[in-house]
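Structure record follows, encoded as structure tokens.
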Amino acid sequence: WPTPDIAERNGKKLANFLTDYRARTGARIRLVGHSMGGRVVPATLRALNGLGKENFVESATLLGAATDNDAVAVGGEYGDDIAVAAKSVDNYWKSGDDVLNWAYSTAEFDSAVGEEGCEGTPPANYTDHNVDYVPDHFSYHEPGDGCMAEVVENF
């Protein structure tokens with residue numbers, strides 16, 4: 001049960017690190033989060049928005065994300081933060097993701113954005129991508145089977 005809370009708290013830590021890192025290097029920031037890491041990314045955007053960092057993140061990518069499907073919508077928990085802190089956010093979801101269909105639904109009594117996409121109106125800079133061709137929850141990053149070529153193409 002503490003895993004989602006830890007992931008969300010790590011968003012603030014990552015935001016602080018990225019702010020310092022970019023100040024030192026001037027680097028463009030791209031975030032990619034898979035599964036529970038897909039919960040850290042929106043929490044990071046929320047923390048960056050709280051710091052007044054508009055369009056700070058070049059792109060944010062969610063892969064099979066374990067975040068509520070309505071949380072990324074306009075008016076949702078992270079909707080405003082997505083709209084402000086990132087130039088673009090892409091969500092790669094799979095309807096047959098057995099891990100999210102079972103584990104997320106059981107733990108959260110809700111559906112994950114990684115299994116259904118955004119529920120509600122997405123922010124203007126947010127795009128859902130159905131990747132039902134990915135064989136399972138653990139293959140998003142796999143050469144040949146995964147969707148990383150599509151992710152990079154959308155950078």
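The values are calculated or read from the model by the stated rules, or taken from the named source; none is laboratory data. Just so it is clear, the structure is predicted and the values come from calculations on it, not from any experiment. As a convention, Cβ positions derive from the backbone with ideal geometry for all residues, glycine included, and neighbour counts pool all protein chains shown. Side chains are part of the model used for accessible areas, which takes the heavy atoms of the whole protein and leaves out ligands, DNA and RNA. Shrake-Rupley method; radii C 1.70, N 1.55, O 1.52, S 1.80 Å.
Numerical summary
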quantity	calculated
Residue match in the stretch 65-75 (condition: at pLDDT 95 or above and part of a helix (DSSP H, G or I))	no
The stretch 25-45, residues that are of a type outside the set (Gly, Ala, Ser) and assigned to a helix (DSSP H, G or I)	Thr25, Arg39, Val40, Val41, Pro42, Thr44, Leu45
Selection status of Ser111, touching a residue at least 24 places away in the same chain (Cβ under 8 Å), hydroxyl-bearing (Ser, Thr, Tyr), under 19 Å from Ile29 (Cβ atoms) and surrounded by fewer than 23 Cβ atoms within 10 Å (Cβ to Cβ)	no
Odd one out for Ser111 among (1) closer than 16 Å to Gly33 by Cβ; (2) at pLDDT below 95	(1)
The stretch 87-99 residues that are open to solvent by 40 Å² or more (accessible area, probe 1.4 Å), paired with ones that are among the β-branched types (Val, Ile, Thr) and at pLDDT 95 or above (beta carbon under 9 Å, 6 or more apart)	Lys87/Val57; Trp93/Val131
Test set (1) touching a Phe, Trp or Tyr at 6+ places or on another chain (Cβ under 9 Å); (2) buried (at least 23 other Cβ atoms within 10 Å of the Cβ); (3) over 17 Å from Lys12 (Cα atoms) - Gly76 fails condition number	(1)
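Conditions tested, residue by residue: (1) closer than 20 Å to Glu115 by Cβ; (2) in contact (Cβ under 8 Å) with a residue 40 or more places away in the chain; (3) touching a helix residue (DSSP H, G or I) at 6+ places or on another chain (Cβ under 9 Å).
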| residue | (1), (2), (3) |
| --- | --- |
| Ala23 | no, no, no |
| Arg39 | yes, no, yes |
| Pro42 | yes, yes, yes |
| Gly64 | yes, yes, yes |
| Thr67 | yes, yes, yes |
